[in-house]
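To start, the structure under review is shown below, and the notes come after it.
The values are calculated or read from the model by the stated rules, or taken from the named source; none is laboratory data. All figures in this text were calculated on a predicted structure; none of them were measured in a lab. Note: ideal-geometry Cβ built from the backbone for every residue, glycine included; neighbour counts use all protein chains shown. Heads up: the accessible areas ignore ligands, DNA and RNA and are worked out on the full protein's heavy atoms, side chains in. Shrake-Rupley method; radii C 1.70, N 1.55, O 1.52, S 1.80 Å.
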Amino acid sequence: MAGNILNRLFRLNFPDCTREALSFLTSYISQDCPAIPGLNANTEQVIVEICQEFVLFKSVRGPQKKLTAVQELHLLDMICTCFSEAPEKSKYRIFNLMFGAHGDGTVNLLTKLVSLALSVRCTPVLFCAAIWMQERDSLSPVVKGLTQRLVSDYCILYPDHSNVFSTLPSVCPLFACNFVTAVTSLYSFAGIDSLPPLALLQHVSDWVFKDNTMCCESLRQAAIHSAYTTPVPGLTGWCVRGPLVCCQLKEKVSDSQISQSHIESLLVCLEKLHLALLQSLTFTACVNLSPGLISASDLTHIAQTLQVVSRPNPSQEEELACNIALERLAQILQVAANTRTYIADRGKIKELESLAKHKLPQNRLLAMVLSNQLQGIKPYSVIVTS
(Lines give C-alpha, C1' and ligand atoms only; values in the text may rest on other atoms or scores of the structure.)
Protein backbone atom coordinates (compact mmCIF):
# COMPACT_ATOMS: atom_id res chain seq x y z
CA MET A 1 0.00 0.00 0.00
CA ALA A 2 1.26 3.48 -0.80
CA GLY A 3 2.80 5.70 1.80
CA ASN A 4 -0.23 7.99 1.99
CA ILE A 5 -2.12 5.41 4.06
CA LEU A 6 -2.60 7.85 6.94
CA ASN A 7 -4.10 10.56 4.71
CA ARG A 8 -6.48 8.02 3.21
CA LEU A 9 -7.63 6.76 6.60
CA PHE A 10 -8.22 10.30 7.88
CA ARG A 11 -10.63 10.87 4.99
CA LEU A 12 -12.72 7.83 5.95
CA ASN A 13 -15.45 7.76 8.59
CA PHE A 14 -16.03 5.08 11.23
CA PRO A 15 -16.33 2.11 10.78
CA ASP A 16 -14.63 2.15 7.36
CA CYS A 17 -11.46 3.76 8.71
CA THR A 18 -11.12 1.09 11.42
CA ARG A 19 -11.89 -1.79 9.09
CA GLU A 20 -9.25 -0.64 6.62
CA ALA A 21 -6.74 0.13 9.39
CA LEU A 22 -7.12 -3.38 10.85
CA SER A 23 -6.74 -4.91 7.41
CA PHE A 24 -3.59 -2.87 6.75
CA LEU A 25 -2.04 -3.64 10.15
CA THR A 26 -2.73 -7.36 9.77
CA SER A 27 -1.20 -7.44 6.29
CA TYR A 28 1.80 -5.38 7.34
CA ILE A 29 2.62 -7.45 10.45
CA SER A 30 1.97 -10.75 8.66
CA GLN A 31 4.61 -9.78 6.10
CA ASP A 32 7.14 -9.24 8.90
CA CYS A 33 6.88 -5.45 8.84
CA PRO A 34 8.32 -4.53 5.43
CA ALA A 35 9.23 -0.98 4.43
CA ILE A 36 6.24 0.99 3.14
CA PRO A 37 6.87 2.33 -0.40
CA GLY A 38 6.79 6.11 -0.64
CA LEU A 39 6.89 6.62 3.10
CA ASN A 40 9.63 8.94 4.31
CA ALA A 41 8.63 8.98 7.99
CA ASN A 42 9.63 6.35 10.53
CA THR A 43 7.64 3.26 9.57
CA GLU A 44 7.16 2.00 13.12
CA GLN A 45 5.92 5.41 14.22
CA VAL A 46 3.32 5.44 11.43
CA ILE A 47 2.10 1.94 12.33
CA VAL A 48 1.66 2.98 15.96
CA GLU A 49 -0.19 6.12 14.88
CA ILE A 50 -2.56 4.13 12.67
CA CYS A 51 -3.37 1.88 15.62
CA GLN A 52 -3.78 4.82 18.01
CA GLU A 53 -5.95 6.90 15.69
CA PHE A 54 -8.22 4.31 14.07
CA VAL A 55 -8.34 1.31 16.43
CA LEU A 56 -7.83 2.70 19.93
CA PHE A 57 -9.17 6.18 19.09
CA LYS A 58 -6.56 7.95 21.18
CA SER A 59 -5.56 10.72 18.81
CA VAL A 60 -2.15 12.36 19.01
CA ARG A 61 -3.08 15.01 16.43
CA GLY A 62 -6.19 16.67 17.75
CA PRO A 63 -9.46 16.26 19.70
CA GLN A 64 -10.28 12.73 20.83
CA LYS A 65 -13.03 10.98 18.91
CA LYS A 66 -15.69 9.66 21.25
CA LEU A 67 -17.45 6.53 20.04
CA THR A 68 -21.06 5.87 20.98
CA ALA A 69 -21.89 2.64 22.81
CA VAL A 70 -23.11 1.08 19.56
CA GLN A 71 -19.98 2.17 17.68
CA GLU A 72 -17.76 0.81 20.44
CA LEU A 73 -19.51 -2.56 20.26
CA HIS A 74 -18.98 -2.52 16.48
CA LEU A 75 -15.29 -1.73 17.07
CA LEU A 76 -14.91 -4.65 19.47
CA ASP A 77 -16.62 -6.99 17.04
CA MET A 78 -14.25 -5.91 14.25
CA ILE A 79 -11.23 -6.51 16.49
CA CYS A 80 -12.50 -10.02 17.36
CA THR A 81 -12.95 -10.74 13.65
CA CYS A 82 -9.46 -9.42 12.94
CA PHE A 83 -7.89 -11.86 15.42
CA SER A 84 -10.01 -14.75 14.20
CA GLU A 85 -8.83 -14.21 10.61
CA ALA A 86 -5.19 -13.15 11.17
CA PRO A 87 -2.38 -15.66 10.51
CA GLU A 88 -1.39 -17.58 13.63
CA LYS A 89 2.13 -16.11 13.76
CA SER A 90 0.77 -12.56 13.67
CA LYS A 91 -2.00 -12.67 16.29
CA TYR A 92 -0.01 -11.75 19.37
CA ARG A 93 2.12 -9.22 17.52
CA ILE A 94 -1.08 -7.40 16.52
CA PHE A 95 -2.42 -7.72 20.06
CA ASN A 96 0.82 -6.37 21.50
CA LEU A 97 0.69 -3.41 19.11
CA MET A 98 -2.78 -2.57 20.40
CA PHE A 99 -2.43 -3.24 24.10
CA GLY A 100 1.21 -3.92 24.93
CA ALA A 101 2.99 -0.59 24.81
CA HIS A 102 0.44 2.08 25.68
CA GLY A 103 0.30 1.67 29.45
CA ASP A 104 -2.95 1.63 31.36
CA GLY A 105 -4.76 3.84 28.86
CA THR A 106 -5.99 0.89 26.82
CA VAL A 107 -7.00 -1.40 29.70
CA ASN A 108 -10.62 -0.23 29.63
CA LEU A 109 -10.99 -1.16 25.96
CA LEU A 110 -9.09 -4.41 26.52
CA THR A 111 -11.42 -5.34 29.37
CA LYS A 112 -14.47 -4.81 27.17
CA LEU A 113 -12.82 -6.78 24.36
CA VAL A 114 -12.06 -9.74 26.64
CA SER A 115 -15.60 -9.68 28.05
CA LEU A 116 -17.01 -9.80 24.52
CA ALA A 117 -14.53 -12.53 23.54
CA LEU A 118 -15.77 -14.60 26.47
CA SER A 119 -19.39 -14.25 25.43
CA VAL A 120 -18.74 -15.11 21.76
CA ARG A 121 -16.04 -17.71 22.57
CA CYS A 122 -13.34 -15.95 20.54
CA THR A 123 -10.34 -18.14 21.41
CA PRO A 124 -7.65 -16.04 19.64
CA VAL A 125 -8.46 -12.92 21.66
CA LEU A 126 -8.59 -14.90 24.92
CA PHE A 127 -5.28 -16.63 24.20
CA CYS A 128 -3.57 -13.32 23.42
CA ALA A 129 -5.07 -11.81 26.57
CA ALA A 130 -3.77 -14.80 28.56
CA ILE A 131 -0.22 -14.19 27.28
CA TRP A 132 -0.65 -10.49 28.08
CA MET A 133 -1.63 -11.46 31.64
CA GLN A 134 1.30 -13.85 31.94
CA GLU A 135 3.85 -11.30 30.75
CA ARG A 136 2.60 -8.75 33.27
CA ASP A 137 2.23 -11.28 36.11
CA SER A 138 -1.24 -12.51 36.91
CA LEU A 139 -0.88 -10.92 40.37
CA SER A 140 -0.19 -7.39 39.07
CA PRO A 141 -2.69 -4.53 39.66
CA VAL A 142 -3.49 -4.11 35.95
CA VAL A 143 -4.31 -7.81 35.57
CA LYS A 144 -6.33 -7.83 38.78
CA GLY A 145 -8.31 -4.85 37.44
CA LEU A 146 -9.21 -6.79 34.29
CA THR A 147 -10.10 -9.81 36.40
CA GLN A 148 -12.33 -7.83 38.76
CA ARG A 149 -14.38 -6.53 35.84
CA LEU A 150 -14.88 -10.03 34.43
CA VAL A 151 -15.93 -11.38 37.83
CA SER A 152 -18.38 -8.50 38.13
CA ASP A 153 -19.80 -9.14 34.64
CA TYR A 154 -20.20 -12.89 34.93
CA CYS A 155 -20.44 -13.77 38.63
CA ILE A 156 -21.89 -10.78 40.50
CA LEU A 157 -24.19 -8.83 38.18
CA TYR A 158 -25.66 -12.10 36.94
CA PRO A 159 -25.17 -14.61 39.77
CA ASP A 160 -27.09 -17.39 37.98
CA HIS A 161 -25.00 -20.16 36.46
CA SER A 162 -23.13 -18.80 33.44
CA ASN A 163 -22.77 -21.04 30.40
CA VAL A 164 -20.06 -18.67 29.21
CA PHE A 165 -17.91 -19.35 32.26
CA SER A 166 -18.71 -23.03 32.57
CA THR A 167 -17.05 -23.82 29.24
CA LEU A 168 -14.10 -21.42 29.54
CA PRO A 169 -11.32 -24.04 30.05
CA SER A 170 -12.34 -25.81 26.84
CA VAL A 171 -12.46 -22.49 24.91
CA CYS A 172 -9.07 -21.23 26.14
CA PRO A 173 -7.30 -23.26 28.88
CA LEU A 174 -4.43 -20.76 29.26
CA PHE A 175 -6.82 -17.87 29.87
CA ALA A 176 -8.74 -19.92 32.45
CA CYS A 177 -5.46 -20.79 34.19
CA ASN A 178 -4.18 -17.20 34.41
CA PHE A 179 -7.63 -15.90 35.30
CA VAL A 180 -7.84 -18.27 38.28
CA THR A 181 -4.37 -17.19 39.42
CA ALA A 182 -5.55 -13.59 39.37
CA VAL A 183 -8.83 -14.25 41.21
CA THR A 184 -7.05 -16.05 44.05
CA SER A 185 -5.02 -12.88 44.54
CA LEU A 186 -8.08 -10.67 44.23
CA TYR A 187 -10.06 -12.77 46.72
CA SER A 188 -7.63 -14.25 49.24
CA PHE A 189 -10.29 -16.03 51.38
CA ALA A 190 -8.70 -14.63 54.53
CA GLY A 191 -11.89 -13.15 56.00
CA ILE A 192 -15.35 -11.84 55.21
CA ASP A 193 -13.90 -8.95 53.20
CA SER A 194 -11.97 -11.26 50.88
CA LEU A 195 -14.46 -14.06 50.16
CA PRO A 196 -14.76 -15.02 46.50
CA PRO A 197 -18.34 -14.81 45.18
CA LEU A 198 -20.01 -18.20 45.53
CA ALA A 199 -20.71 -18.36 41.77
CA LEU A 200 -17.02 -17.81 41.08
CA LEU A 201 -15.93 -20.49 43.56
CA GLN A 202 -18.41 -22.94 42.03
CA HIS A 203 -17.01 -22.31 38.55
CA VAL A 204 -13.39 -22.60 39.68
CA SER A 205 -13.94 -25.82 41.62
CA ASP A 206 -15.76 -27.30 38.60
CA TRP A 207 -12.98 -26.25 36.22
CA VAL A 208 -10.17 -27.79 38.27
CA PHE A 209 -12.19 -30.91 39.08
CA LYS A 210 -13.13 -31.60 35.46
CA ASP A 211 -9.81 -30.64 33.90
CA ASN A 212 -6.66 -31.67 35.76
CA THR A 213 -4.55 -30.01 33.06
CA MET A 214 -5.81 -26.49 33.64
CA CYS A 215 -3.53 -25.57 36.55
CA CYS A 216 -0.39 -26.34 34.57
CA GLU A 217 -1.25 -24.42 31.38
CA SER A 218 0.91 -21.42 32.30
CA LEU A 219 3.75 -23.79 33.13
CA ARG A 220 3.47 -25.28 29.63
CA GLN A 221 4.12 -21.78 28.25
CA ALA A 222 7.26 -21.28 30.35
CA ALA A 223 9.53 -22.38 27.51
CA ILE A 224 8.18 -19.53 25.35
CA HIS A 225 7.27 -16.95 28.00
CA SER A 226 9.69 -17.41 30.88
CA ALA A 227 7.53 -15.40 33.29
CA TYR A 228 4.66 -17.41 34.71
CA THR A 229 2.57 -17.95 37.81
CA THR A 230 0.23 -20.85 38.52
CA PRO A 231 -3.14 -21.01 40.31
CA VAL A 232 -2.02 -23.75 42.71
CA PRO A 233 -0.61 -21.57 45.55
CA GLY A 234 -3.71 -19.35 45.58
CA LEU A 235 -6.11 -22.29 45.39
CA THR A 236 -4.21 -24.06 48.15
CA GLY A 237 -4.63 -20.94 50.27
CA TRP A 238 -8.38 -21.06 49.63
CA CYS A 239 -8.62 -24.73 50.60
CA VAL A 240 -6.49 -24.33 53.73
CA ARG A 241 -7.89 -21.07 55.12
CA GLY A 242 -11.43 -21.69 53.90
CA PRO A 243 -12.66 -24.11 56.62
CA LEU A 244 -11.46 -21.87 59.44
CA VAL A 245 -12.81 -18.66 57.87
CA CYS A 246 -16.19 -20.32 57.19
CA CYS A 247 -16.32 -21.58 60.77
CA GLN A 248 -15.80 -18.04 62.06
CA LEU A 249 -18.42 -16.73 59.63
CA LYS A 250 -20.99 -19.16 61.02
CA GLU A 251 -20.70 -17.40 64.38
CA LYS A 252 -21.47 -14.05 62.69
CA VAL A 253 -24.38 -15.09 60.48
CA SER A 254 -26.79 -12.82 62.34
CA ASP A 255 -24.43 -9.85 61.93
CA SER A 256 -23.76 -10.29 58.22
CA GLN A 257 -25.59 -10.73 54.95
CA ILE A 258 -24.19 -14.25 54.53
CA SER A 259 -26.59 -17.09 55.27
CA GLN A 260 -25.84 -20.47 56.80
CA SER A 261 -26.65 -22.20 53.50
CA HIS A 262 -24.23 -19.87 51.68
CA ILE A 263 -21.43 -20.87 54.05
CA GLU A 264 -22.23 -24.56 53.64
CA SER A 265 -22.09 -24.15 49.86
CA LEU A 266 -18.65 -22.52 50.16
CA LEU A 267 -17.41 -25.48 52.24
CA VAL A 268 -18.73 -28.02 49.71
CA CYS A 269 -16.90 -26.21 46.90
CA LEU A 270 -13.67 -26.06 48.90
CA GLU A 271 -13.78 -29.78 49.63
CA LYS A 272 -14.28 -30.52 45.93
CA LEU A 273 -11.50 -28.08 45.02
CA HIS A 274 -9.04 -29.67 47.45
CA LEU A 275 -9.49 -33.11 45.90
CA ALA A 276 -9.19 -31.58 42.42
CA LEU A 277 -5.89 -29.93 43.38
CA LEU A 278 -4.42 -33.23 44.54
CA GLN A 279 -5.50 -34.81 41.26
CA SER A 280 -3.95 -31.93 39.31
CA LEU A 281 -0.60 -32.33 41.05
CA THR A 282 -0.62 -36.04 40.23
CA PHE A 283 -1.52 -35.37 36.60
CA THR A 284 1.28 -32.84 36.18
CA ALA A 285 3.79 -35.47 37.28
CA CYS A 286 2.37 -37.91 34.70
CA VAL A 287 3.06 -35.52 31.81
CA ASN A 288 6.62 -34.86 33.01
CA LEU A 289 6.38 -31.10 33.48
CA SER A 290 9.22 -29.67 35.54
CA PRO A 291 8.56 -28.64 39.16
CA GLY A 292 6.93 -25.27 39.47
CA LEU A 293 3.24 -25.57 40.33
CA ILE A 294 3.91 -24.64 43.96
CA SER A 295 6.94 -24.08 46.17
CA ALA A 296 7.96 -24.64 49.75
CA SER A 297 7.95 -20.86 50.09
CA ASP A 298 4.28 -20.74 49.01
CA LEU A 299 3.32 -23.38 51.58
CA THR A 300 5.17 -21.59 54.37
CA HIS A 301 3.43 -18.33 53.46
CA ILE A 302 0.04 -20.08 53.59
CA ALA A 303 0.88 -21.45 57.04
CA GLN A 304 1.79 -17.94 58.17
CA THR A 305 -1.55 -16.58 56.93
CA LEU A 306 -3.33 -19.41 58.71
CA GLN A 307 -1.64 -18.28 61.90
CA VAL A 308 -3.08 -14.80 61.34
CA VAL A 309 -6.59 -16.14 60.71
CA SER A 310 -6.50 -18.35 63.82
CA ARG A 311 -7.78 -16.81 67.07
CA PRO A 312 -5.96 -17.13 70.45
CA ASN A 313 -8.83 -18.90 72.20
CA PRO A 314 -10.59 -20.94 69.51
CA SER A 315 -13.91 -22.67 70.05
CA GLN A 316 -14.21 -26.43 69.64
CA GLU A 317 -15.59 -25.92 66.14
CA GLU A 318 -12.66 -23.68 65.24
CA GLU A 319 -10.18 -26.27 66.52
CA LEU A 320 -11.81 -28.87 64.28
CA ALA A 321 -11.75 -26.50 61.29
CA CYS A 322 -8.10 -25.66 61.94
CA ASN A 323 -7.27 -29.37 62.06
CA ILE A 324 -8.90 -29.82 58.64
CA ALA A 325 -6.92 -26.84 57.35
CA LEU A 326 -3.59 -28.25 58.58
CA GLU A 327 -4.35 -31.71 57.17
CA ARG A 328 -5.08 -30.18 53.79
CA LEU A 329 -1.79 -28.27 53.93
CA ALA A 330 0.01 -31.53 54.78
CA GLN A 331 -1.72 -33.42 51.97
CA ILE A 332 -0.81 -30.79 49.36
CA LEU A 333 2.82 -30.82 50.55
CA GLN A 334 2.91 -34.61 50.61
CA VAL A 335 1.48 -35.08 47.11
CA ALA A 336 3.52 -32.22 45.63
CA ALA A 337 6.72 -33.68 47.06
CA ASN A 338 5.82 -37.24 46.08
CA THR A 339 5.08 -36.19 42.49
CA ARG A 340 8.04 -33.78 42.25
CA THR A 341 5.75 -30.93 41.23
CA TYR A 342 6.97 -28.43 43.79
CA ILE A 343 10.12 -26.38 44.26
CA ALA A 344 11.79 -27.69 47.41
CA ASP A 345 13.62 -25.46 49.88
CA ARG A 346 14.97 -27.04 53.06
CA GLY A 347 15.16 -23.68 54.82
CA LYS A 348 11.49 -22.94 54.14
CA ILE A 349 10.46 -26.45 55.23
CA LYS A 350 12.32 -25.92 58.51
CA GLU A 351 10.53 -22.60 58.91
CA LEU A 352 7.22 -24.35 58.27
CA GLU A 353 8.11 -27.04 60.80
CA SER A 354 8.84 -24.35 63.41
CA LEU A 355 5.49 -22.71 62.70
CA ALA A 356 3.72 -26.06 63.05
CA LYS A 357 5.43 -26.78 66.37
CA HIS A 358 5.23 -23.40 68.06
CA LYS A 359 2.60 -21.19 66.41
CA LEU A 360 -0.13 -23.51 65.11
CA PRO A 361 -2.25 -26.24 66.76
CA GLN A 362 -0.54 -29.63 66.78
CA ASN A 363 -1.35 -31.87 63.81
CA ARG A 364 0.17 -35.34 63.55
CA LEU A 365 -0.13 -35.62 59.77
CA LEU A 366 1.59 -32.31 59.12
CA ALA A 367 4.34 -33.12 61.65
CA MET A 368 4.98 -36.49 59.99
CA VAL A 369 5.09 -35.07 56.46
CA LEU A 370 7.45 -32.28 57.50
CA SER A 371 9.71 -34.72 59.34
CA ASN A 372 9.92 -36.92 56.26
CA GLN A 373 10.70 -33.90 54.10
CA LEU A 374 13.55 -32.78 56.33
CA GLN A 375 14.98 -36.30 56.41
CA GLY A 376 14.78 -36.50 52.64
CA ILE A 377 12.52 -39.54 52.87
CA LYS A 378 9.82 -40.08 50.26
CA PRO A 379 6.45 -39.36 51.94
CA TYR A 380 4.38 -42.33 52.99
CA SER A 381 1.08 -42.95 51.26
CA VAL A 382 -1.63 -41.47 53.46
CA ILE A 383 -5.36 -41.62 52.82
CA VAL A 384 -6.59 -38.17 51.84
CA THR A 385 -9.51 -36.94 53.90
CA SER A 386 -11.24 -33.61 54.17
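List of remarks:
- Within straight-line reach of K58, meaning a Cα separation under 15 Å, sit the following aspartates and glutamates at least 8 residues removed in sequence or on another chain: E49, E72, D104.
- Shape category assigned to the chain from the gyration tensor of Cα positions, a/c cut at 1.5: prolate
- For E317 and N4, the FRET efficiency from 1/(1 + (r/R0)^6), where r spans their Cβ atoms and R0 equals 51 Å, is about 0.10.
- Using a Gaussian network model of the chain in which every pair of alpha carbons under 10 angstrom is joined by a spring, one finds that among T213, T230, T305 the greatest mean-square fluctuation is at T305.
- When you count the other C-beta atoms within 10 angstrom of each residue and take the mean per peptide, 332-340, 171-179, 183-191 line up highest first as 171-179, 332-340, 183-191.
- For the range 59-218, alpha-carbon Rg and Dmax in angstrom: 15.9, 52
- Pairwise FRET efficiency - D160 versus M368, Cβ, R0 = 51 Å, nearest 0.05: 0.70
- Considering only T282, A303, L326, and ranking their Cα positions along the charge dipole of the range 245-351 that arises from unit charges at the beta-carbon of Lys, Arg, Asp and Glu, the one farthest toward the positive end is T282.
- Taking amide H as placed 1.01 Å from N in the peptide plane, S138 has its amide H under 5 Å from the amide H of T229, each at least 5 places away in sequence or on another chain.
- Contour minus Cα-Cα distance for V308 and S261 (0.36 nm per residue): 14.3 nm
- 3J(HN,Hα) couplings calculated from phi for the range 170-175 with the Karplus curve 6.51 cos²θ - 1.76 cosθ + 1.60 (θ = phi - 60°) are, in sequence order, 7, 7, 8, x, 5, 5 Hz; Gly and Pro show x.
- Each stretch of four or more DSSP H residues adds -39500 (n - 2.57); spread over every residue of the chain, this sum gives -20000 deg cm²/dmol at 222 nm.
- GNM result for the chain, Cα springs below 10 Å: residue of L12, L201, L244 fluctuating most strongly: L12
- Using the 1.4 Å probe convention, the accessible area of the chain works out to 46 Å² per residue with neighbouring protein chains retained.
- Once both labels are positioned 7 Å from their Cα atoms along Cα-to-Cβ, the gap between L12 and Q31 label points is 1.6 nm.
- Which listed pairs, of K210/K359; K112/K144; K65/K144; K91/K112, have C-alpha distances above 25 Å, in listed order: K210/K359; K65/K144
- Rounded percent of accessible protein surface that carbon and sulfur make up, the chain, 1.4 Å probe: 52
- Contour minus Cα-Cα distance for R121 and E85 (0.36 nm per residue): 11.5 nm
- Gyration tensor (alpha-carbon) shape descriptor, the range 93-150, a/c threshold 1.5: rounded
- Amide H contacts of S295 (H built 1.01 Å from N, in plane; Pro and chain starts excluded): I343 sit under 5 Å, all sequence-distant by 5 or more or on other chains.
- Computed 3J(HN,Hα) for the range 325-333, one whole-Hz value per residue from the Karplus formula 6.51 cos²θ - 1.76 cosθ + 1.60 where θ = phi - 60°, is 4, 5, 5, 5, 4, 5, 5, 5, 4, glycine and proline marked x.
- You can think of it this way: the chain between A69 and S140 has 22.7 nm of extra reach, that is 0.36 nm per residue less the Cα-Cα gap.
- Candidates L273, L281, L76: whichever shows maximal mean-square fluctuation once the chain is modelled as a Gaussian network with Cα springs under 10 Å: L76
- The HN-Hα couplings worked out from phi for the range 119-131 by the Karplus form 6.51 cos²θ - 1.76 cosθ + 1.60 (θ = phi - 60°) are 5, 9, 6, 8, 4, x, 5, 5, 5, 4, 5, 5, 5 Hz, whole numbers, x standing for Gly and Pro.
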